[in-house]
Amino acid sequence: MPNEYQVPKNHVIVTLDLTNSNEQELLVNITWTPVSLRQEFCLPIWTPGSYKVRDHAQYLYNMTLSQGERSIILDRLDTSKWIANLENYNSLSLNYIIQARELTVRTSYINPDFAS
């Protein structure tokens, strides 16, 4: 999703794109205006109802962060946490792909007829 406008402060816009359901992929776009020049991104490592630590980041691919046309470097701190240091407070756009190929209560699954 091109970042063509300034997102109002305290607003987060999340777009989920299921058009790659044949490939069992979910395209995610999150857009917001930062209030800090240091941004941290985390994925959960715990699933409600489960008593085991899970690596949900293993299904995440092609994560990019941008401000307009400018690409921002993401530094991975551990398996489920990233940081970015910004130069300004312009709107950010975080994009990534989630593979959804496992149909269990702890994972995700997408096909042209069904998404869970």
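With all protein chains present, calculate the accessible area of Glu23 using a 1.4 Å probe and round the result to the nearest 10 Å².
The value for Glu23 is about 110 Å².
Show the residues, 5+ positions off or on another chain, whose built amide H is closer than 5 Å to the amide H of Thr33.
Asn10, His11, Leu92
The values are calculated or read from the model by the stated rules, or taken from the named source; none is laboratory data. Worth saying up front: this structure is predicted, and the values here are computed from it rather than measured. Side chains are part of the model used for accessible areas, which takes the heavy atoms of the whole protein and leaves out ligands, DNA and RNA. Shrake-Rupley method; radii C 1.70, N 1.55, O 1.52, S 1.80 Å.
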